[in-house]
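The values are calculated or read from the model by the stated rules, or taken from the named source; none is laboratory data. In this text, all values refer to a predicted model and were calculated from it rather than measured experimentally. For neighbour counting, all protein chains shown are included, and Cβ atoms are generated from backbone atoms with ideal geometry for every residue, glycine included.
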Amino acid sequence: MIRPRPYAYQKWLFILLRWAAALLILAILFHYLPLAPLRAAFAQVPATRFIAILAGYLSAHLLGIVKWRLTVNTAGAQLNFATAAECYTGGLFATLFLPSIIGGDVVRLAVGLRRSPRPASVVAGNVADRFLDVAAQAALVIVGLSLLPGSLPLQLHAAARKTFLWLAVAFVIFSILLFLLRRRLLRGRSFRFRKRLARLHYAIRSVGRRPLRLVFGWLLGVIMQGTFLLLTALLAVSCGLLLPLRIWLFAWPLAKLAAVLPIAQGGIGVREAALVALLVPFGASASVVLAVGLLWEGVIISGGLIAGIAALLLRRNNTLRAS
């Protein structure tokens, strides 16, 4: 009799714990915040507005497909648009249901590694794409901070500066340690592993040799993240929450970065709590902010499900073409 591997139990237990954490955070928010303004905010958003925002969300992800394909092909992956779309939409769906945001990357890589003649280039390009996403969100935060020097509460301003400082210090220390320990990490590795690592190193260098493509990919990332920000602000207006765009430029990217932390599944609950904490000091109603966050969560989940269906259709179409 074949017994399930312990790792499978651990993986599903981890997923269940993350869903439990998401529900717990939302339950705490519902407990401490008045529900009447929350229900009133929901009632103000017509179904047509929600569908239009969902359509805008999916359209912005078309730019994400272009950006991801541009980055991995810059590394030498040689993927066509249909394959890149299958990788991207499958990853978008998996981000909601696999253990972390990295779960989406696993699905992207699983498809890309099979279809690309240069698998190492897919890995290198995907890593570069993640850096571009973080850089795009950081750019929005910097713009927001630069536009809020006088109106930003002093405590938030100091906290934001400290966060960026510690992240920069941690990145520098990690890079230095990785460089100093590179020989020890490679000691005892097989020739096959070293060969794969050499291919990955070559792919990373291929990306670095084309900085203009990276800049273009970063610009696509900024446009995509900016579109998500504008759509969230439009949802907020529908809920009766009127805030200057510069405040959203400050708060929204930080809330999204907080959602990347491996606490709750898909960042559910964490994103909403971060938005409440960041926008209340500017005079926003906590309940209305929570309503906006939940509606945006509905957009993300709906978009993820549609992306999963699209990934299945693209997979079938790509398989028929290959056969």
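Any residue that is hydrophobic (A, V, I, L, M, F, W, C), in contact with a Gly (Cβ under 8 Å, 6 or more places away or on another chain) and modelled with pLDDT of 80 or more - is there at least one of those in region 141-157? Before you say what the answer is, go through the steps one by one.
Of the residues in region 141-157, the ones hydrophobic (A, V, I, L, M, F, W, C) are 141-143, 145, 147-148, 152, 154, 156.
Now drop any that are not in contact with a Gly (Cβ under 8 Å, 6 or more places away or on another chain), which leaves none.
No - not one qualifying residue is present in region 141-157.
Please go through region 18-77 and give me each residue that is over 30 Å from Leu212 (Cα atoms) and touching a Pro at 6+ places or on another chain (Cβ under 9 Å), ordered by number.
Arg18
Restrict the check to region 62-70 and report whether at least one residue is part of a loop (DSSP other than H, G, I, E, B), over 25 Å from Leu305 (Cβ atoms) and either touching a helix residue (DSSP H, G or I) at 6+ places or on another chain (Cβ under 6 Å) or in contact (Cβ under 8 Å) with a residue 24 or more places away in the chain (or both).
From region 62-70, those part of a loop (DSSP other than H, G, I, E, B) are none; that's our starting set.
Looking for residues that are part of a loop (DSSP other than H, G, I, E, B), over 25 Å from Leu305 (Cβ atoms) and either touching a helix residue (DSSP H, G or I) at 6+ places or on another chain (Cβ under 6 Å) or in contact (Cβ under 8 Å) with a residue 24 or more places away in the chain (or both), one finds none in region 62-70, hence no.
Kindly establish whether Ala41 is under 24 Å from Ala94 (Cβ atoms), buried (at least 16 other Cβ atoms within 10 Å of the Cβ) and either in contact with a strand residue (DSSP E or B) (Cβ under 9 Å, 6 or more places away or on another chain) or touching a residue at least 60 places away in the same chain (Cβ under 8 Å) (or both). Before the answer, list the steps.
Working: under 24 Å from Ala94 (Cβ atoms): no; buried (at least 16 other Cβ atoms within 10 Å of the Cβ): yes; either in contact with a strand residue (DSSP E or B) (Cβ under 9 Å, 6 or more places away or on another chain) or touching a residue at least 60 places away in the same chain (Cβ under 8 Å) (or both): yes.
No, not satisfied.
Hey, could you check region 260-290 for residues that are within 18 Å of Asp133 (Cβ to Cβ) and crowded, with 21+ Cβ neighbours inside 10 Å and say which is modelled with the lowest pLDDT? Spell out the reasoning first.
Initially, region 260-290 is screened for residues within 18 Å of Asp133 (Cβ to Cβ), giving 260-262, 266-267, 270-271, 274.
Subsequent filtering for residues that are crowded, with 21+ Cβ neighbours inside 10 Å retains 266-267, 270-271, 274.
Working: Gly266: 65, Gly267: 70, Val270: 82, Arg271: 85, Ala274: 85.
Checked region 260-290; the qualifying residue modelled with the lowest pLDDT is Gly266.
Here is a yes/no grid of residues against (1) among the polar types (S, T, N, Q); (2) touching a strand residue (DSSP E or B) at 6+ places or on another chain (Cβ under 8 Å); (3) buried (at least 17 other Cβ atoms within 10 Å of the Cβ):
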position	(1), (2), (3)
Arg49	no, no, no
Ala52	no, no, no
Ser59	yes, no, no
Arg69	no, no, yes
Gln78	yes, no, no
Gly104	no, no, yes
Leu109	no, no, yes
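So Ile301 clears everything in (1) without any contact (Cβ under 8 Å) to a residue 60 or more places away in the chain; (2) surrounded by 13 or more Cβ atoms within 10 Å (Cβ to Cβ) except one condition, right? Which one?
The one condition Ile301 does not meet is (1).
Can you give me the number of residues within region 281-293 that are part of a helix (DSSP H, G or I) and touching a residue at least 40 places away in the same chain (Cβ under 8 Å)? Show your work before the answer.
If we filter region 281-293 for residues that are part of a helix (DSSP H, G or I), which is where we start, we get 281-282, 286-293.
Then drop every residue that is not touching a residue at least 40 places away in the same chain (Cβ under 8 Å), which leaves 281-282, 286-292.
The total comes to 9.
Tell me, please, whether a residue that is modelled with pLDDT under 90 and among the β-branched types (Val, Ile, Thr) can be found in region 205-225.
Within region 205-225, one or more residues are modelled with pLDDT under 90 and among the β-branched types (Val, Ile, Thr).
Please verify whether Leu38 is touching a Phe, Trp or Tyr at 6+ places or on another chain (Cβ under 9 Å) and either in a helix (DSSP H, G or I) or modelled with pLDDT under 85 (or both), treating the condition exactly as stated. Step through it out loud before you land on a result.
Numbers: touching a Phe, Trp or Tyr at 6+ places or on another chain (Cβ under 9 Å): yes; either in a helix (DSSP H, G or I) or modelled with pLDDT under 85 (or both): yes.
When the stated conditions are applied, Leu38 passes them.
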